[in-house]
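Notes follow once the structure below has been shown.
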Number of protein chains: 2
Amino acid sequence: MKLLITGGAGFVGARLARALLKKGALHGKPIERLVLADQFPPPADLQADPRVEARTGPLLAQCAGFAQDRFDGVFHLASAVSGECEADFELGLRSNLDSTRALLDALRAAGNVPRFVFSSSVAVFGPDASNPMPPLVRDDTLPTPQTSYGTHKLICEHLVADYTRKGFIDGRSARLNTVTVRPGKPNGAASSFFSGIIREPLAGQEAVLPVDPSVSHPVSSPSRTVEGLIAVYEASAEAMGGRAGLNLPALNVKVGDMLNALEAVAGKATRALVKPVPDPTIQRIVGGWSKGAVAARAEKLGLKPEADFADIILQYIHDHPAAVTEAARAAAANYERSRKA
Amino acid sequence: MKLLITGGAGFVGARLARALLKKGALHGKPIERLVLADQFPPPADLQADPRVEARTGPLLAQCAGFAQDRFDGVFHLASAVSGECEADFELGLRSNLDSTRALLDALRAAGNVPRFVFSSSVAVFGPDASNPMPPLVRDDTLPTPQTSYGTHKLICEHLVADYTRKGFIDGRSARLNTVTVRPGKPNGAASSFFSGIIREPLAGQEAVLPVDPSVSHPVSSPSRTVEGLIAVYEASAEAMGGRAGLNLPALNVKVGDMLNALEAVAGKATRALVKPVPDPTIQRIVGGWSKGAVAARAEKLGLKPEADFADIILQYIHDHPAAVTEAARAAAANYERSRKA
């Protein structure tokens, strides 16, 4: 089969690509070709796989060509992030709305009804004066997004549902939680600090905490997120239980508890590298997000959230040992031993 | 002030235009210019008003020019109807989605933050496997539309909310109920029969009833619909109580009760002109619509639904006497006298 991942060179996209290549098959069919469309080239390990074809350039310009590809399946992850969309309204419309529309129209033109997973976001939820947000957002909570990013994600969910209803694609929308711990550098997402406050201290560097430690948020590890995307792809339409967007399982965690877990895993000195520097813009954006999520439909697909934020930190340390100080690695090894004992 | 009505030559648009011209002012400011943008020219009485300027042609082509107009206010009513959108997917996307986006971008480019009323629809509601529809839809019922028309209306609600949040327009979305009794000929809307089963018998002609008399639906008269659009325009953002779409007041009525009211007002012979001819396509579309609506936010603005479907029939007879047989007019006059007695 021939698959497309948009945003396939990004953090989640590349991780998904690796998982699919390792799995070798999807939905019971061998993966012969994996096209990674992204504005940047994919990491070297992916480029080296003979099944991978990188298509580098703006997604919007690439979409028309996809009609000829007749992909069997598509994971649509490409997106401008929340902070970028707030700063540049037109970039958000182009990257998140126009590109998705062009992609859907290309798949419709192809005519082979590909399976399609759209990575939506819990950022679709937010408090409107007419619609206070519940403490935990559910699959069927009314979304009244309070960012352009959340607005575009929600709009795309509805496009995916309607193109699916019409039989042009076999689409489904999965709402991702904030993925943490992301490796590398901070990005333009308002949620970037949810990774920074763990990643930077583990590397022995100071990190800025722009919000109050009492802030609660639904998060998920990279591996559970990828697992969720694949499970949603492989689920039958019946198992999906509807065309509306579905929440992926979240660990609902307070920032203070993330820092407590960091201290437990990597020691007091590591945690001490996190410095509170309140940022009103980020506080305003994050204040409009949900404090936690429940994911009844995803759990019916057999998906579960992490049990503990310490597990998410350990996943990062195992996946990126070179980005972690020796002291933190040693502390983490001790922590794992004591936990097993 | 300078106003724009898109779809200003259509049934609701022309009626809104007449109401505004008669009122002379909106939100306390005199109406100096009223631009009616529509693919058809407006009725002669509107063309004759020196304040009216007709702009005839596809809306999408007209939008860019609106940036120079710097309208103080806009009523955006132009839309392809539900049946048309189901039959021609691209027409629906172009007329309902692309045109709204182009209009919003033109108003953003104008830079003067016009007040903006979007005519959404209760067709945003529908049953998804994950989201059974409640017997009565509320302002905050989760919309999972089951038609392209409803999908586009919902998407535009969210665009209006986000352009408003960003300060580009001062927008609000009002969900119209099925407007009945429409004069003239049947249109492509799946809901067209909600007018046809009253209008045609009153004219002495047979009418087709494509659904079961037990079908219940939220309806509103033309005058209450126009009243609702004006009230939503004039309401302060605070009185609107949020940026999410709001339901306009509905009379929730069974088709059988509509026919009973027709018999009460216009006699047995008139009602006998309605012939049941089941239409599976229309039944399927209407089966995905709400059975009734409640409109708590609109009622806070002082808006109320009609008390009785007979009132809606009488409104039509008074507004369009030439389209009603003498026998039906005489029966209606008797009915009104007996009701007053």
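FYI, it's all coordinate maths here, none of it is from the lab. Everything numeric in this text was worked out from a predicted model, so none of it was measured. All Cβ positions, glycine included, derive from the backbone under ideal geometry; neighbour counts span all protein chains shown.
Picking from A:167, A:214, A:230, whose Cα lies most toward the positive end of the charge dipole for region A:167-268 (charges on Cβ: Lys, Arg +1; Asp, Glu -1)? Highest projection toward the positive end goes to A:167. Remark: A:172, A:15 ranked as A:15, A:172, counting other beta-carbon atoms within 10 Å and listing the fewest first. On average, how much area does the Cα convex hull of region B:85-148 cover when viewed from any direction, in nm²? Average of the hull's projected areas for region B:85-148 equals 5.8 nm². The calculated 222 nm mean residue ellipticity attributable to helices in chain B amounts to -12500 deg cm²/dmol, summing -39500 (n - 2.57) over DSSP H runs of n ≥ 4 and dividing by all residues. Relative intensity of region B:150-227 on a log10 scale, I(q)/I(0) at q = 0.14, 0.15, 0.21, 0.24 Å⁻¹, equals -0.62, -0.68, -0.99, -1.14, per a Debye sum over C-alpha point scatterers of equal strength in the absence of solvent.
About the Cα centre of the protein assembly as shown, what is the dipole size in debye to 20, counting +1 per Lys and Arg Cβ and -1 per Asp and Glu Cβ, all else neutral? Kindly include the intermediate steps, with their values, before the conclusion.
Details: 76 positive and 70 negative charges, 86 e Å.
My answer is approximately 420 debye.
Could you work out the relative contact order of region B:50-201? I mean the mean sequence separation of Cα pairs under 8 Å and 6+ apart, divided by the number of residues, in percent. Present the calculation step by step, with values, prior to reporting the outcome.
Values: 234 pairs, mean separation 38.6, N = 152.
About 25 percent, as a whole number.
Ranked from largest, the principal axis spans of the Cα set of chain B equal 58, 51, 37 Å. Between the amide H of residue A:35 and those of A:3, A:4, A:5, A:53, distances stay under 5 Å, these residues lying 5 or more places away or on another chain, with hydrogens modeled in the peptide plane. A Förster radius of 22 Å combined with the Cβ-Cβ distance from residue B:340 to residue B:269 puts the calculated FRET efficiency at roughly 0.40. With each label modelled as a point 7 angstrom along the Cα→C-beta vector, the residue A:19-residue A:223 pair spans 1.1 nm.
Give, rounded to the nearest 20 debye, the magnitude of the charge dipole that region B:232-341 has about its Cα centre when Lys and Arg contribute +1 at Cβ and Asp and Glu contribute -1 at Cβ.
Numbers: 14 positive and 12 negative charges, 57 e Å.
For this selection, approximately 280 debye.
For region B:185-228, what does the alpha-carbon gyration tensor say about shape, rounded, prolate or oblate, given a ≥ b ≥ c as the root eigenvalues, a/c under 1.5 as rounded, and a/b over b/c as prolate?
Taking the square roots of the gyration eigenvalues as a ≥ b ≥ c, region B:185-228 is oblate.
Straight Cα distances below 19 angstrom link residue A:22 to the lysines A:2, with same-chain residues fewer than 8 positions distant left out. Convex hull volume of the C-alpha atoms in region B:77-192, normalised per residue: 119 Å³. Of the Cα atoms belonging to the protein assembly as shown, the radius of gyration and Dmax stand at 27.9, 96 Å. For region B:11-83, the relative contact order is 26 percent, taking Cα pairs closer than 8 Å that sit 6 or more residues apart in sequence and dividing their mean separation by the residue count. Determine the distance separating the Cα centre of region A:243-283 from the Cα centre of region A:1-73; give it in Å without decimals. With region A:243-283 and region A:1-73 each reduced to a Cα centre, they are spaced 31 Å.
Computed from point charges on the beta carbon alone (+1 for Lys and Arg, -1 for Asp and Glu), the dipole magnitude for region B:3-133 about its Cα centre is near 660 Debye.
By the compact-protein rule of thumb, 2.2 N^0.38 Å, the alpha-carbon radius of gyration of region B:1-150 corresponds to a ratio of 1.13.
Taking amide H positions as modeled 1.01 Å from N, with prolines and chain starts lacking one, the residues under 5 Å from residue A:26 and 5 or more places away or on another chain are A:31.
Taking 20 Å as the cut-off, the amide N atoms of region B:1-22 that come nearer than this to a point 7 Å along the Cα-to-beta-carbon line of residue B:54 belong to B:3-22.
For an R0 of 41 angstrom, estimate the FRET efficiency from the Cβ-Cβ distance between residue B:304 and residue B:89 and round to the nearest 0.05. Before the final figure, lay out the partial values.
On the way: r = 38 Å, r/R0 = 0.92.
So, using R0 = 41 Å, E works out to roughly 0.65.
Simple rule: put +1 on each Lys or Arg Cβ and -1 on each Asp or Glu Cβ in chain B, find the dipole, and look at B:122, B:192, B:30; the Cα lying farthest toward the positive end is B:30. Evaluate the Debye formula for region B:251-341 with equal point scatterers sitting on the alpha carbons, no solvent, and hand back log10 of I(q)/I(0) at q = 0.13 Å⁻¹, in q order, two decimals. Values, matching the q order: -0.59.
Could you tell me the relative contact order of chain A? Use alpha-carbon pairs under 8 Å, at least six residues apart, and round to a whole percent.
Numbers: 704 pairs, mean separation 56.0, N = 341.
Answer for chain A is 16 percent.
The aspartates and glutamates whose alpha-carbon is closer than 15 Å to the alpha-carbon of residue B:268, local same-chain residues fewer than 8 away aside, are B:200, B:206, B:257, B:326.
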